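In what follows, a single structure is set out as structure tokens and then discussed.
The values are calculated or read from the model by the stated rules, or taken from the named source; none is laboratory data. The model shown is predicted, which means the values in this text are computed figures rather than measured ones. Cβ placement follows ideal geometry from the backbone for every residue including glycine, while neighbour counts extend to all protein chains displayed.
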Amino acid sequence: MANSDNKTPSSVHDLRSALELLKTLPGEYVETDTEVDPHAELSGVYRYVGAGGTCQRPTRKNGPVMVFNKIKGFKDISVAIGLNGSRQRVSHFLQCEPAKLGHLLKDSVENAIAPVMAQGAAVCQQVVHLASDADFDLRKLLPAPTNTEEDAGPYITMGLCYASDPETHESDITIHRLCVQSRDELSMWLTPGRHIDAFRMKAEAAGQPLPISISIGVDPAIEIAACFEPPTTPLGFNELSIAGALRGKAVEMTQCKTINEKAIAHAEIVIEGELRPNARVREDQNTHT
């Protein structure tokens, strides 16, 4: 694998270590204890402080990552925005010169390292909430932001969706738009040609739900790897193996608690669920926006 000229092993292996790295770099990190409302205000603050206004392409340089420690209506949870918001920041995470990132990503596909099962207890399962709990409510547990007044609802915009082919058992990870619809339901935007949609169609044809885990708050290398698409990564190619190549070691997985699927062991948050067969909803069914 062609890494950067710096061969020192990366200190980044999850979201927390990525943020710790940014704290050591001038202009890359801002943290605030001022309370912000996840409904339109949070994204608005980031737009002007972190993004520096409407982002212009290419995003070689941008404002800092922002971490909001006090979210209106929520306790003991923070929100980070803009982790991979600039090429310069990604180069820090991957220990590669910005101009060589394309070569690094290409080489990572050719030197893929498959994910492995973690040994021992997983970080993501230290605290468990079950949908069967009387007080369970996604809307109260997760401060998913509603970015504008016109949005259909609160969105989870960086959820790493992981599912497996019900016939071949090959797995895939990708990012899909997720809208919080009720206490225990998310809607998932699927477009033709996406791998998880191919898995869903097979499960649906058999009249079965598709188990799926959604990992939130992970190593930036995983988020970057999940963005690969065909023909570079054909159906059956697990993009987590690209993240393994970027780090020089396998991504660690854990068995989910309530479904027959795996999740990223070092994720800050994991949502376990199923894509129900023949279930369709209007994304804005609650807001009519």
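Filtering the range 138-174 to residues that are touching a residue at least 24 places away in the same chain (Cβ under 8 Å) and exposed (fewer than 15 other Cβ atoms within 10 Å of the Cβ) leaves Lys140, Thr148, Glu149, Glu150, Glu167, Thr168, Glu170.
If you check Leu160 against the conditions, is it over 15 Å from the mean Cα position of the chain (by Cα), of a type in the set (A, V, I, L, M, F, W, C) and modelled with pLDDT of 95 or more? When the stated conditions are applied, Leu160 does not pass them.
Would you check which residues across the range 221-270 are outside any strand (DSSP E or B), within 16 Å of Ala121 (Cβ to Cβ) and within 18 Å of the chain's Cα centre (by Cα) and list them?
Taking the range 221-270 and keeping what is outside any strand (DSSP E or B), we get 221-251, 256-261, 265-268.
Those still in the list that are within 16 Å of Ala121 (Cβ to Cβ) too: 256-257, 265-268.
Result: Cys256, Ala265, His266, Ala267, Glu268.
Could you tell me whether Leu130 is hydrophobic (A, V, I, L, M, F, W, C), part of a strand (DSSP E or B) and at pLDDT 95 or above? In short, no. Being within 30 Å of Val45 (Cα to Cα) and surrounded by fewer than 20 Cβ atoms within 10 Å (Cβ to Cβ) is the requirement here; does Asp135 meet it? In short, no.
Checked against the criterion of being farther than 23 Å from Phe74 by Cβ and of a type in the set (Asp, Glu), the range 120-142 contains not a single residue that satisfies it. Scanning the range 22-53 for residues that are in contact with a Phe, Trp or Tyr (Cβ under 7 Å, 6 or more places away or on another chain) and farther than 21 Å from Lys75 by Cβ, we see that the one that is surrounded by the fewest Cβ atoms within 10 Å (Cβ to Cβ) is Lys23.
Looking for whichever is assigned to a helix (DSSP H, G or I) and under 21 Å from Ser213 (Cβ atoms) here; the options are Cys161, Cys124. Which one fits? Lay out the reasoning, then the answer.
Details: Cys161 fails: assigned to a helix (DSSP H, G or I).
Answer to the check: Cys124.
The residue pairs whose first member lies in the range 262-273 and is touching a residue at least 60 places away in the same chain (Cβ under 8 Å) and within 15 Å of Met158 (Cα to Cα), whose second member is of a type in the set (Phe, Trp, Tyr) and surrounded by 24 or more Cβ atoms within 10 Å (Cβ to Cβ), and whose beta carbons are closer than 9 Å, counting only pairs six or more residues apart or on different chains, are Ala263/Tyr162; Ile264/Tyr162.
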